[in-house]
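Every number in this text was worked out from the coordinates using simple rules, so none of it is lab data. Model, not experiment: these values are computed from the prediction. Methodologically, a virtual Cβ is constructed for each residue, glycine included, from the backbone with ideal geometry; neighbour enumeration extends over all protein chains shown.
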Amino acid sequence: MKQNLIQVTVFALLSLNLNSQCYEILSDLSGMDISSYQSELENTACSLRDSFPKELKDDFMVMDFGFYSLHETMEGGYEAVWENVKADAASKSLYYLLFGKITGKDGVYTEFWVDLKLPDENVFFCIDQLSPNLRENLRLRYESVANEVHENNGKTPSLYSNTEIEVMEQLAEYIGGLKVVVTIKNVVLPAALLVY
């Protein structure tokens with residue numbers, strides 16, 4: 001009886017863990033073996049998700065897409081594929097951080113594209129109040145961070161996970177800042193603290 005209870009408990013915990021996926025690879029056609037990085041990326045993505053207010057956590061996910069070199073020559077090029085990838089991401093999660101890794105004639109993972117969809121409720125309501133362009137500026141900011149980190153790593157394809165981890169950590173820090181602004185009532189903070 002005791003052994004059955006232990007087995008049921010272990011099974012329940014494993015099932016709970018499988019349902020709490022924070023990081024998903026939508027596709028990666030680059031030919032890179034990315035399996036050894038998944039645990040660290042999953043853990044960082046879960047930390048980012050945990051920075052969200054409790055009622056929004058289950059609606060957020062980090063996703064990754066590795067372009068195929070032939071996407072560049074297809075009708076519409078990378079942009080058409082990217083639009084489809086963003087639609088796929090939106091169908092999987094209300095809110096997300098999406099990484100696109102470009103592979104083309106210049107090599108594997110030569111550039112990062114980023115899309116970011118954050119809520120407009122709870123602590124996130126102030127984003128649009130701070131600046132009507134802030135959501136797009138945040139997206140551009142994290143895309144720039146991704147490409148800076150990747151450049152500093154010599155655009156080494158096997159170090160792509162460092163790039164994604166840095167962006168996730170910076171976004172979690174930003175969300176922490178939003179929580180502070182919302183928590184401090186009746187105190188006006190300079191918008192420059194949260195505007196990129």
Next on the checklist: For a quick check: sort K101, K57 by the number of other beta carbons within 10 angstrom, fewest at the front.
Outcome noted: K57, K101
Checklist entry - Could you give the nm distance between label points at C126 and A90, where each point is 7 Å from its Cα heading toward the beta carbon? => result 2.8
Checklist entry - Stretch N133-S39 to full length: gain in nm at 0.36 nm per residue minus the Cα-Cα span? => result 30.4 nm
Checklist entry - Can you sort V180, V145, V62 so the residue with the fewest Cβ neighbours within 10 Å comes first? => result V180, V145, V62
Checklist entry - In square nanometres, what is the average projected area of the Cα convex hull of segment 21-193? => result 10.2
Checklist entry - Given Cα pairs under 8 Å that are at least 6 residues apart, what percent is the relative contact order of segment 21-193? => result 21
Item to check | Burial ranking of peptide ranges 107-114, 47-54, 31-38 (average Cβ count within 10 Å, highest at the top) | outcome: 107-114, 47-54, 31-38
Next on the checklist: Quick check: pseudo-label points 7 Å beyond the Cα along Cα→Cβ at S161 and S144, how many nm apart are they?
Outcome noted: 2.9
Item to check | Over 20 Å (Cα to Cα) - which of K57/K92; K86/K179; K92/K179; K92/K155 fall in this group | outcome: K86/K179; K92/K179; K92/K155
Checklist outcome for this item: As a percent rounded to 5, the proportion of antiparallel DSSP bridges among beta bridges in segment 21-193 is 40
